[in-house]
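For reference, the structure discussed in these notes is given below.
The values are calculated or read from the model by the stated rules, or taken from the named source; none is laboratory data. From a predicted model like this one, the values you see are computed outputs, not experimental measurements. Neighbour counts run over all protein chains shown; Cβ positions are idealised from the backbone, glycine included. What goes into the accessible areas is simple: the full protein's heavy atoms, side chains included, and nothing from ligands, DNA or RNA. Shrake-Rupley method; radii C 1.70, N 1.55, O 1.52, S 1.80 Å.
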Amino acid sequence: MPAEVLARARDVRKSYGVVKALDGVSLELREGEILGLLGPNGSGKTTLIKILMGFIRPDSGYVEVLGMDPYDNPDVRARIGYVPEELALYNSLTPKELFDLVARIRRLEPAAYARRLDLLVSSLGLKDRMDDLIGSLSRGNKQKVAIILALLHEPDILLLDEPIVGLDPAVARIFKELLYEMRDRGCAIMFSTHILEVAEAICDRIIIMHKGKVVAEGAVEDVLKLAAREKTLEEVFLEVTGKAHEVYEVIKALRGEA
Amino acid sequence: MRLREAIRLSDFLYRELVYLRMVSTRANVDMARLRRGVRWASINYALVSAIMTVMLALSSISPLLPLIWPPQDTAGGVELVDALRASGLVSTAMLFTFSFMLCASASWLLQEYELLKPLMHLPLKHGDIRLLAFITASREVLPFLLVPAIHGITLMLVVGLPAPALIGASYGYASIFLALGASFSLSATVSRRHSGRSLRARLARAVSTLTFVLCMASTFILSQMVSLITRLVSQISKFIGPFSSLLWLIYPFSAAEGLIMALSPTSLIPASALAAAYLLASLLAFDRGFMRFWRGSISPIYVGVGEAREVRIRPPSKLTMSPCFGVLLKDLKMAYRDPRTAYMLFTPILTFLSFLPALIEDAKAAIMLLNTAFLASSLMLTMASYQLLVAEGSSFWLLFANGIRKKDLISAKALACTLSYAALAIPIGALAWLLLGPLDMLLNATSSVLLSFAASSICLAYLARYVGPETKMAKMGLKDLLVILLLWGIIVGPYALVALIIGPLQASLIAIADLGIALIVLSTLH
Ligand SMILES: Nc1ncnc2c1ncn2[C@@H]1O[C@H](COP(=O)(O)OP(=O)(O)O)[C@@H](O)[C@H]1O
Ligand SMILES: [Mg+2]
């Protein structure tokens, strides 16, 4: 039985003035998969995630998350976990106070919430920082706070915008484990990144975006096969986004081979 | 680094400061206006400083003017002693107040936004950066240095002796340096975030918030009371003669008394010694304050008071698990930790305090004034509730991503304002009932609490149309401000009319009706 599609976008377009942030993007996010959203800066990854969250309305196209239009049904966010690209947290609260706030907004059951929080906080190693003000935390610890916020309520869909920024390798490894655990429970996970190794190591499927368009899509091996000459995802990435030539020129110049 | 260069460099910092002030105080700034504002910052600054300097100079010398050009119609004219006393007091009080307010705001922004940090990476010596920090923070105050000189020259013209002129000028400078020192050390204290849960950390947080609020309040009240002080002091010195012999020792009264004492050769020496001592003390205070500020600006701003330790995670109480309660708790906590929000919540206290002089002077007017204060508070709380929206900063996404409903968001913010106001109004109402007699006062206080909730929740319901997950800063334009004033008028107007014409009991029914309307408005939101 094929996995159920939990989120779907069809020919979605969104422009900011003359900039086409999304230029006809279609994708499906299925139950129990980790989908990597790859692409250079400005390719529209953040815009796409915000549209799936229902934060912005697309200019045209069809969007459906858990069977609803997310922009018109904000209640669907009860079943989504979200980590934004820009971490604007309340600097004058402690992590514990922030987690409590979110638990109250989501009306979580107190005992179950405390158990879940304890598990997440201990595994990500944030336990000794629970009473510090968030403003005094390092970038990596703030990122951990944001990740925990997204996982607290055991969502059905996780939308993560560059979630590994600032995490050290050990924590990134644990984060990966948390994602696998969520996936095995049927959670549909989509995360954007421009770090190729991460996508290669974690994702079941990847989508490469460029200038608001999907330029390659499929399982990691398939995308690799797509451009048979290339050996690594990095080379495929450069090839499909049309940057290979540019980058090789720069590299040559740097090595003094020009 | 030459001074010319320093001033040129501080121009950049200053522009940054103007930019931050514009985005943080004025809502709805469009980019074009911002760009213009920042570009014209220096000229703007020059104009404002010039106007302020002229205003300060004029108000310092205004009590002396009748002595230079005596009014023709009045027979007696003004006595020299009274004029000197008034001029000395007004000059010191105004110089202190304005220097403090301008420098406190500038140094606060410099520190809060870590504007000096980028300079650390430039090939500048620490001493140079320190000079830049000083020039930028006190830039708006520097032209005030002319005021004591002008004051001194005028004194010289009036009295014809050099001693009062020198003493007057030296107190002027002492006031400026004292104000600079106080504002620097205030912003150093306040912008230190104390983290941790220990009692010490909590105390530190409470003290820093309280200091800020009290300082802001005292400047506000001081500026309100300048005229009253002048009158009071001349009365006091007339009626309780012996006590005025102590007053000459205490700043700022010493400035006034020093001018008078300088008239006679016998008391000239203690007066000038005291003036010199105050000037020296003010310089020391300035030096200490500035060094604290400087150290705070270059070292990490967040200070960990409690050490890191593992905590046991306890589940929150079942009773508190509602979105509205969550936001309410968060807002009260954040307001308590952020002086700017706390200041807005405490403005009603300032209203009551600023009426205090009038209350003391005329107990009969007390009832009327208190009732006015109750009504005025409801307007201030409406503004405070807007400040609570602003305090969200760019974190609206967090609330909306977790599925908050506007109904809960608005009720929580209106409740946060109303509860903190009720904690003030009800005791004052009860006190007024016990001291002044009529039970009406308690009734009026209670009604004003209901009105405040109605007004702030309806105005927030209007403002909340603009906020959503993508909001980076809550905004209010001129049109919105007018709408809010209108809404407030519609809510409070009928109440005030009924209270004035019929009576407080009937008016309280109107307040209850207003509350009902507010609840209906809230229930229609999603
Ligand atoms: N609010 C906005 N206003 C104007 N342009 C925007 C806005 N958000 C995104 N863009 C533009 O849309 C394009 C895609 O941006 P984004 O989705 O953030 O890309 P990515 O996350 O892949 O870096 C960029 O060119 C960006 O400048
Ligand atoms: Mg992005």
Taking residue B:337 as the residue in question, decide whether it is open to solvent by 10 Å² or more (accessible area, probe 1.4 Å), outside the structural domain of residue B:486 (by TED's automatic domain parsing) and either at pLDDT 80 or above or out of contact with any Pro (no Cβ under 7 Å at 6 or more places or on another chain) (or both). no
Of those in the range A:1-24 that are within 16 Å of ligand 2 (Cβ to nearest atom) and loosely packed, with under 15 Cβ neighbours inside 10 Å, the residue farthest from residue A:247 (Cα to Cα) is A:16
Taking residue A:151 as the residue in question, decide whether it is within 16 Å of ligand 2 (Cβ to nearest atom), within 26 Å of residue A:5 (Cβ to Cβ) and within 14 Å of chain B (Cβ to nearest Cβ). no
Counting only residues in the range B:298-326 that are at the interface with chain A (Cβ under 7 Å from one of its Cβ atoms), open to solvent by less than 40 Å² (accessible area, probe 1.4 Å) and assigned to a helix (DSSP H, G or I), the one modelled with the lowest pLDDT is identified as B:320
Subset of the range A:169-194, residues hydrophobic (A, V, I, L, M, F, W, C) and within 17 Å of residue A:83 (Cα to Cα), comes to A:171, A:172, A:174, A:175, A:178, A:179, A:182, A:187, A:188, A:189, A:190, A:191
By residue number, the members of the range A:153-166 that are at pLDDT 85 or above and either assigned to a helix (DSSP H, G or I) or open to solvent by 10 Å² or more (accessible area, probe 1.4 Å) (or both) are A:153, A:154, A:156, A:162, A:164
Is there any pair linking a residue in the range A:47-66 that is without any contact (Cβ under 8 Å) to a residue 24 or more places away in the chain to one that is more than 16 Å from ligand 2 (Cβ to nearest atom) and not small (Gly, Ala, Ser), with Cβ under 6 Å and at least six apart or on different chains, and which? A:54/A:70; A:54/A:71; A:54/A:74; A:57/A:71
Working only within the range A:120-142, note down all residues that are within 12 Å of residue B:311 (Cα to Cα), at the interface with chain B (Cβ under 7 Å from one of its Cβ atoms) and part of a loop (DSSP other than H, G, I, E, B). A:130, A:131, A:132
Quick one: in the range B:114-160, which of the residues that are part of a helix (DSSP H, G or I) and exposed (fewer than 14 other Cβ atoms within 10 Å of the Cβ) is farthest from the chain's Cα centre (by Cα)? B:157
Restrict the check to the range A:236-243 and report whether at least one residue is surrounded by fewer than 21 Cβ atoms within 10 Å (Cβ to Cβ), closer than 30 Å to residue B:313 by Cβ and in contact (Cβ under 8 Å) with a residue 60 or more places away in the chain. no
For the range A:25-59, name all the residues that are open to solvent by less than 10 Å² (accessible area, probe 1.4 Å), within 13 Å of another protein chain (Cβ to nearest Cβ) and away from ligand 2 (no atom under 16 Å from the Cβ). A:54
One residue is enough: does the range A:60-82 have a residue meeting the conditions surrounded by fewer than 16 Cβ atoms within 10 Å (Cβ to Cβ), of a type outside the set (Gly, Ala, Ser) and within 16 Å of ligand 1 (Cβ to nearest atom)? no
Check A:51, A:56 and return the single one that is modelled with pLDDT of 95 or more and within 16 Å of ligand 1 (Cβ to nearest atom). A:51
Only one of A:90, A:62, A:82 is away from ligand 2 (no atom under 16 Å from the Cβ), within 9 Å of another protein chain (Cβ to nearest Cβ) and not β-branched (Val, Ile, Thr). Can you tell me which? A:90
Residues that are open to solvent by less than 70 Å² (accessible area, probe 1.4 Å), away from ligand 1 (no atom under 14 Å from the Cβ) and over 21 Å from residue A:4 (Cα atoms), drawn from the range A:174-201: A:174, A:175, A:176, A:178, A:196, A:198, A:201
Given (1) touching a Phe, Trp or Tyr at 6+ places or on another chain (Cβ under 9 Å); (2) over 30 Å from residue B:327 (Cα atoms); (3) within 15 Å of ligand 1 (Cβ to nearest atom), number of the condition residue A:18 does not satisfy: (1)
Looking at the range A:145-168, I want the residues that are of a type in the set (S, T, N, Q) and have a partner that is within 16 Å of ligand 1 (Cβ to nearest atom) with Cβ atoms under 8 Å, at least 6 apart or on another chain. Which pairs are those? none
